[in-house]
Amino acid sequence: MNTLVAQANNHLMIVLAEGPDQPKPAPPPGSDKFLTIVSWAGWGAMLAAIVALVIAGAKFGYQRSNGTASNEEAGKVGWTLVGCVLIAIAGSLVGALVG
């Protein structure tokens, strides 16, 4: 009887150590159109970020050549670069956090 209890205990410990099965995420039927819209939104966001970076860089360069550049303009360029990086890695970042 003790060996039966010991075997049951060992089996229970193995099952508990493995943890519950995690289902793999799968897109629902018909989600391809939604994913197309998300792709377009990502493309638009990247385009907007590039335009903002060009504008911020041009403003900073113009003010620097006139001698009126401030830390605020340099900060705008830096924060725009941070935004570009976040947009570029958004999909991978969410995938790493969720998966």
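Just to be sure I understand the filter: pairs with C-beta atoms under 6 Å, separated by 6 or more residues or on different chains, first member in segment 85-99 and closer than 17 Å to LEU35 by Cα, second member part of a helix (DSSP H, G or I) and of a type outside the set (S, T, N, Q). Which pairs pass?
Within 6 Å, the pairs are ILE87/ALA45; ILE87/MET46; ILE87/ALA49.
Name the residue, out of VAL77, VAL38, that is touching a Gly at 6+ places or on another chain (Cβ under 7 Å) and not aromatic (Phe, Trp, Tyr).
Step by step, each of VAL77, VAL38 is checked, and only VAL77 is touching a Gly at 6+ places or on another chain (Cβ under 7 Å) and not aromatic (Phe, Trp, Tyr).
Is it true that LEU97 is surrounded by fewer than 12 Cβ atoms within 10 Å (Cβ to Cβ) and under 30 Å from LYS24 (Cβ atoms)? Before the answer, list the steps.
Working: surrounded by fewer than 12 Cβ atoms within 10 Å (Cβ to Cβ): yes; under 30 Å from LYS24 (Cβ atoms): yes.
Taking the combined requirement at face value, the residue satisfies it.
Those residues that are in a helix (DSSP H, G or I) and modelled with pLDDT under 80, I need them from segment 8-50; list them, please. Walk me through how you get there before you give the answer.
Of segment 8-50, the ones in a helix (DSSP H, G or I) are 8-18, 32-50.
Once the filter is applied, which keeps residues that are in a helix (DSSP H, G or I) and modelled with pLDDT under 80, segment 8-50 yields ALA8, ASN9, ASN10, HIS11, LEU12, MET13, ILE14, VAL15, LEU16, ALA17, GLU18.
Pairs only if they're at least six apart or on different chains, beta carbon under 6 angstrom, first in segment 41-60 and touching a residue at least 40 places away in the same chain (Cβ under 8 Å), second surrounded by 13 or more Cβ atoms within 10 Å (Cβ to Cβ) and β-branched (Val, Ile, Thr); list them, first residue then second.
That search, which allows pairs on different chains as well, returns ALA45/ILE87; MET46/ILE87.
The values are calculated or read from the model by the stated rules, or taken from the named source; none is laboratory data. None of the values given here were measured: they were computed from a predicted structure. Counting neighbours? That spans all protein chains shown, and the Cβs are built from the backbone with ideal geometry, glycine included.
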